[in-house]
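Dropping the structure in here first, questions after.
The values are calculated or read from the model by the stated rules, or taken from the named source; none is laboratory data. The shown structure was predicted, so the numbers you read here are calculated from the model rather than taken from an experiment. Every residue, glycine among them, receives a Cβ derived from its backbone with ideal geometry; neighbour counts consider all protein chains shown. Quick note on the areas: whole protein, heavy atoms, side chains included, nothing else; ligands and nucleic acids left out. Shrake-Rupley method; radii C 1.70, N 1.55, O 1.52, S 1.80 Å.
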Amino acid sequence: MEKNLLIIESPNKIETLSKYLKNKDFKIIATVGHIRDLATRGGSSKMGYDAQTLEPLWVVPSLGFLTNKAKTNKQLIDKKEIIANIQEAARKAKHIYVATDPDREGEAIAWHVQEVIDEKDRQKLSRITFNEITEVAVLESLKHPRKIDMDYVHSQFARRIIDRFIGFKLSKLVVNKFHAISAGRVQTVALKFIYDREKEIQDFKSTSWWTIRCYGEVRKDKAELKLRAVNDALKNKVKYDLKPEKEKEEEGSSELKFKDKESVQMIAKSLHPTGEIYAIDEPRKRSKNPPMPYKMATLQTDAINKLGWTTNKVTKTAQDLYEGIKWNGEHVALISYPRTDEVRISETFTKVVEKYIIATYGKEYYQFRDYSHIKTTKTTTKPAPKTQGAHEAIRVIDPNITPSMLKDKISNDEYRLYKLIWERTIGAFMPASIIKTNIVRISNNGHKFYAYEEAIIFDGYKKILGKAQVDSEIKLILKDLKVGEKFNFQDQKLEEHTSEPPPRYNQGSLITALDESGVGRPSTFRTMANIGVDRGYVHIENKAFFIEKIGSTIIENLEKYFPDVINIDFTRKMEEHLDEIAEGDENWKKWITNDLSPHFDKEFINADKNIPVMHRERTGEKCPICGHPLEYRYTRKTHAKFISCSNYPKCNYAEWPNQPRLLNKKCPLCHKDLIERTNKRGQKFVGCTGYPQCHFIGNYDKEGNIIPATNKNKKKTTKKTKNGNKN
């Protein structure tokens with residue numbers, strides 16, 4: 001009989017932890033996430049908590065899903081069975097350790113475990129946390145058991161109840177008034193970001209300007225010149241704006257911007273074939289520091305932008321690397337806990353990475369950096385919360401395990417994300433790159449130009465991040481020139497520039513905006529970046545968010561009737577309150593009862609009374625059965641968008657977007673009916689109803705006629721026989 005019981009969240013950690021605790025007499029049980037949840041209906045408010053006392057009403061989900069990494073299918077799990085196993089093991093154990101994830105949600109799960117076991121067994125229960133699944137970290141955590149942090153648990157209670165309190169009522173409103181699906185606190189603020197950006201784009205007024213660049217030759221070497229000023233004689237005849245790239249840029253170092261083509265042509269026509277160097281600036285050196293270690297928001301953003309991933313893929317792959325992979329016959333964890341908003345690196349790991357960098361690249365490539373004092377969110381004014389005090393940035397566990405060592409040992413997705421994290425971890429402790437700039441100033445018929453060149457004279461962290469090459473001083477063209485030398489002007493390039501509106505958000509830039517505004521947390525970024533699409537309020541084209549009409553309608557009305565709730569400042573302040581509850585500086589029930597509830601209830605009553613019920617979005621077409629207008633609806637379970645008759649339920653006509661459409665044309669091969677289909681990329685093509693017997697595939701030409709698709713030659717494959725010969 002085991003003396004100790006260890007309770008964790010994920011079953012994927014059991015194999016690794018069993019190896020580390022093999023001599024400690026432990027039984028390990030996984031909760032597989034939450035074992036209890038707020039009731040779907042309960043109490044006088046029917047929102048999962050008592051409306052008067054705010055006490056949560058907990059229920060045990062009967063079934064859930066467990067994804068087995070070794071299999072492709074999903075297996076059903078019974079939470080009641082898991083609780084029964086925990087209760088039985090708790091009665092037999094001498095000590096009970098709960099090692100759920102080191103965040104507020106993990107703290108709440110630990111509390112639920114404590115609540116479901118017998119009261120006499122609770123005296124044996126302790127909370128432990130570790131930021132990485134290594135033998136050292138796990139064994140060290142057992143030396144520092146503590147009680148469950150109820151401030152953190154209450155902070156999680158407050159978050160869940162606020163989401164129910166606001167989300168359920170807003171959802172009821174948008175369902176009844178706009179025939180939409182839901183409008184939770186989290187999804188609405190993300191949708192507002194997208195809505196506000198769409199307004200910026202619509203209100204944007206483009207401006208244009210012209211520049212002149214000359215390409216010249218000196219000592220048989222070519223250099224690019226930029227016009228930076230005009231002489232007094234032409235000053236009143238041309239229209240230009242001198243707008244420095246930086247606020248404190250040195251005078252004359254920015255490119256001159258002309259308001260019209262005539263002005264820049266006047267300058268170009270007055271230039272002589274030869275100019276003269278009249279001044280040479282002192283060489284300047286500037287340094288660029290490495291980026292900070294990853295936190296969840298920056299990892300999400302980088303993986304989305306650099307790898308082309310989605311938030312779901314980043315989250316899942318990072319979790320897999322944290323829980324561990326099979327390597328050389330063992331289960332090995334590769335990165336620290338990923339759901340973090342810290343960039344701090346522990347002193348212990350700093351020494352490890354110092355040793356690795358010096359041994360691999362030399363002393364000149366290591367620089368100690370202290371990230372512990374950096375505030376990573378604009379809402380946080382205090383040190384890291386108590387149970388997250390051990391939180392670090394997302395980093396590799398062992399820098400000696402290089403990406404190249406794992407390339408053929410793990411999946412390609414795991415390799416690519418690990419490589420991203422490994423490079424960022426190492427680069428964060430390397431010195432700045434140093435760039436040398438030479439500037440030469442040239443006069444031509446009273447017009448002043450400058451030529452510049454840059455060279456990386458020390459790559460620093462870019463040896464890892466960016467793979468920059470150190471430029472040789474020999475390659476520099478301008479470094480040995482002298483005042484008075486001639487500069488031959490050979491080519492002129494007149495360029496028109498047009499200002500562009502701000503780009504639409506993609507998942508990466510939306511997460512960055514949410515993080516910088518202080519309205520997101522590591523646990524909510526994935527949901528905030530996806531839920532608008534899931535609800536049909538936005539769609540994605542070329543990875544960018546485009547807001548739908550229903551999304552705009554919802555935001556416009558919620559902003560009008562809930563001005564103090566549907567705004568970024570409210571969400572930011574709410575996160576501040578949750579932080580203060582976690583620190584024990586605020587009572588969660590008093591905050592909700594006295595500050596939040598009365599004001600929101602008043603706004604909700606006003607909105608419910610005054611927002612008119614709107615028609616569903618119409619397609620512009622008539623029902624082929626009864627002639628009533630067709631409109632868009634959404635399925636209840638999957639929220640899939642489909643087309644339905646507005647005369648429903650009297651008329652049951654419905655059709656799905658992108659469903660196959662029978663064409664009034666025959667297949668040129670077998671003469672059966674042709675059908676229009678849509679592939680996974682949303683592209684339409686024509687196929688034969690005789691498939692798979694007939695393999696005709698066609699596309700539309702510019703006139704809309706059907707033409708056979710061009711078949712690409714498939715790569716020929718060769719097979720090797722047992723003796724190695726190719727067939």
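Across the stretch 155-194, which residue is surrounded by the most Cβ atoms within 10 Å (Cβ to Cβ) among those that are under 24 Å from Asn594 (Cα atoms) and more than 28 Å from the chain's Cα centre (by Cα)?
Leu173
Of Asp673, Asp595, Asp585, Asp601, which residue is surrounded by fewer than 17 Cβ atoms within 10 Å (Cβ to Cβ) and within 21 Å of Ser182 (Cβ to Cβ)?
Among Asp673, Asp595, Asp585, Asp601, only Asp601 is surrounded by fewer than 17 Cβ atoms within 10 Å (Cβ to Cβ) and within 21 Å of Ser182 (Cβ to Cβ).
Just to verify a result, which residue in the stretch 132-152, among those that are within 29 Å of Lys589 (Cβ to Cβ) and within 33 Å of the chain's Cα centre (by Cα), is surrounded by the fewest Cβ atoms within 10 Å (Cβ to Cβ)?
Looking at the filtered set, the residue picked out is Met150.
Another question, then. Keeping to the stretch 331-346, report how many residues are open to solvent by less than 10 Å² (accessible area, probe 1.4 Å) and over 20 Å from Lys13 (Cβ atoms).
Residues in the stretch 331-346 being open to solvent by less than 10 Å² (accessible area, probe 1.4 Å) and over 20 Å from Lys13 (Cβ atoms): 1 in total.
Next question, about the same structure. Every residue in the stretch 426-446 that is buried (at least 24 other Cβ atoms within 10 Å of the Cβ) and over 30 Å from Lys269 (Cβ atoms), please.
Result: Ile426, Ala428, Phe429, Met430.
A further question follows. Restricting the search to the stretch 143-187, which residues are in a helix (DSSP H, G or I), more than 21 Å from Thr40 (Cα to Cα) and touching a residue at least 60 places away in the same chain (Cβ under 8 Å)?
Within the stretch 143-187, Asp151, Tyr152, Lys177, Phe178 qualify.
Can you name the number of the only condition in (1) more than 21 Å from Ser336 (Cβ to Cβ); (2) open to solvent by 20 Å² or more (accessible area, probe 1.4 Å) that Thr129 fails?
Thr129 satisfies every listed condition except (1).
Next up: Looking at Lys482, Lys493, can you tell me which residue is of a type outside the set (S, T, N, Q), assigned to a strand (DSSP E or B), open to solvent by 40 Å² or more (accessible area, probe 1.4 Å) and in contact (Cβ under 8 Å) with a residue 12 or more places away in the chain?
Step by step, each of Lys482, Lys493 is checked, and only Lys493 is of a type outside the set (S, T, N, Q), assigned to a strand (DSSP E or B), open to solvent by 40 Å² or more (accessible area, probe 1.4 Å) and in contact (Cβ under 8 Å) with a residue 12 or more places away in the chain.
Further question: Would you be able to say whether some residue in the stretch 326-343 is part of a helix (DSSP H, G or I) and among the β-branched types (Val, Ile, Thr)?
Checked the stretch 326-343: no residue is part of a helix (DSSP H, G or I) and among the β-branched types (Val, Ile, Thr).
Can you name the condition, by its number, that Arg504 falls short on among (1) open to solvent by 10 Å² or more (accessible area, probe 1.4 Å); (2) in contact (Cβ under 8 Å) with a residue 40 or more places away in the chain; (3) assigned to a helix (DSSP H, G or I)?
So the condition that Arg504 fails would be (3).
Has the stretch 365-374 got at least one residue that is within 18 Å of Met296 (Cβ to Cβ), open to solvent by less than 60 Å² (accessible area, probe 1.4 Å) and at pLDDT below 95?
Yes, that holds for at least one residue.
Of everything in the stretch 523-546, what is part of a strand (DSSP E or B) and either surrounded by 22 or more Cβ atoms within 10 Å (Cβ to Cβ) or at positive phi (or both)? Give them in sequence order.
Correct list: Val538, Phe545.
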